[in-house]
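Just so it is clear, none of the values below were taken in a lab; they were calculated from the coordinates. Here the structure is a predicted model, which is why all the values come from computation and not from measurement. We place every Cβ from the backbone using ideal geometry, glycine too, and count neighbours over all the protein chains shown.
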Amino acid sequence: MKSKIIIARPIFEATLARLREHFEVTDNQADTPWTKASWTQALSQHVGALTTGSDPVDAEVLKACPNLKAVANMAVGYNNFDVPAMTAHGVQASNTPDVLTETTADFGFALLMATARRITESEHYLRRGEWTQWRYDMFAGAEVHGSTIGILGMGRIGQGIARRAAHGFGMKVIYHNRSRLSAESEAECKATYVSKEELLKTADHVMLVVPYSAASHHTIGAAELAQMKPTATLINIARGGIVDDAALAVALREKQIAAAGLDVFEGEPKVHPDLLTVPNVVLTPHIASASIPTRMAMANLAADNLISYFTQGKSLTPLNTVAA
Ligand code: 8YV
């Protein structure tokens, strides 16, 4: 008899077909939204699940799911998981590292370019039919090449951004992280370790790539925004709660900083209403990893993590160790 798994959100048909070879699958190709209660109830009927970064697997959910054995997150970030609680319940947790690193770093750069060079703001102006003649200061933005980028969070994606910045754009790279990179990695990224305060004070562009946890909640709030240069841009491709969105909307409106580019939001898919009305912000709906090949690689790795757990007793990219 095949084990029963649930796929929380729509997925590629090919991934679904592959999973159906191994499991009895409950899919959600109809994209029916979950409440926490309906998700918990559905999950409790299955031994495995393929989730995205916004489907909770916490102590409360786990209590209702005594038969659950493995959950594969189709995301590198896993703040939707309570990993210690999963370990305590004997549930294998896995994520999808590496396969999305370069694509997400590409997007960080795209958002930086769009924000610094005011691409979306100028496109809206053009579409509104307001472009009547050339002006020396029309949508003049900040320089990217040769400027200083400050990267908060220097994991795989942060290092991908640093390599692009240093080698592609001749930027000076400064970073702050819980721990310093090895001398070899610093040299490869041409990156200099600085304090968070120095980074905020000196960077022309601040890029946020820190994982979300209680400790990183509101890493950037009113006090940090006040330390940044008035000409600086802030880019968030990490997680919504890293930035105090209400404080950011005020800082943007009052031109405490020049502009922001945000792919993630507190309480997404809801976006703070004040961010929707300020012009100097570029907003995208959490798509940093969304190239077709990368999303396929993420889906395949998540599927392989489930298949590997149920056939070999261990996922390929596990986040915890559990007895099979
Ligand atoms: C995911 C992400 O697409 O990997 C992550 O952590 O934020 C994105 O790549 C998103 O979390 C949905 O799973």
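Look at the dipole of region 1-114 built from charges on Cβ: of TRP34, THR15, ASN67, the Cα furthest out on the positive end belongs to ASN67.
What is the local net charge at GLN29, summed over the other residues whose Cβ is closer than 10 Å to its Cβ (Lys, Arg +1; Asp, Glu -1)?
Numbers: positive: ARG9; negative: GLU13, ASP27, ASP31.
Net charge around GLN29: -2.
For the pair GLU268 and ILE292, label points projected 7 Å from Cα toward Cβ lie 2.3 nm apart. The modelled label-to-label distance between GLU143 and ARG20, using points 7 Å beyond Cα along the C-beta direction, is 5.8 nm.
Rounded to the nearest 500, the 222 nm mean residue ellipticity of the chain from helices alone is -10000 deg cm²/dmol, with -39,500 (n - 2.57) taken per DSSP H run of at least 4 residues.
Approximating the spin labels as points 7 Å out from Cα along Cα→Cβ, the TYR125-to-GLU60 distance works out to 4.7 nm. With a Cα cut-off of under 12 Å and a minimum spacing of 8 residues unless on different chains, the lysine pairs in the chain number 5. Give the residue from GLY240, PRO273, ALA324 lying farthest towards the positive end of the charge dipole for region 188-324; charges sit on Cβ (+1 for Lys and Arg, -1 for Asp and Glu) and the dipole is referred to the Cα centre. Working it through, the farthest residue towards the positive pole turns out to be ALA324.
For the pair ALA30 and GLU13, the difference between a 0.36 nm per residue extended length and the Cα-Cα distance amounts to 4.9 nm.
Using a cut-off of 13 Å between beta-carbons, work out the net charge of the residues near VAL57 (Lys and Arg +1, Asp and Glu -1, VAL57 not included). Show your work: numbers first, answer last.
Working: positive: LYS36, LYS63, LYS69; negative: ASP55, ASP58, GLU60, ASP82.
So the surrounding residues net to -1.
Note on TYR136 and SER195: the extension gain reaches 17.5 nm, defined as 0.36 nm multiplied by sequence separation minus the Cα-Cα distance. Distance between the C-alpha centres of region 14-66 and region 226-299: 29 Å, rounded to the whole angstrom.
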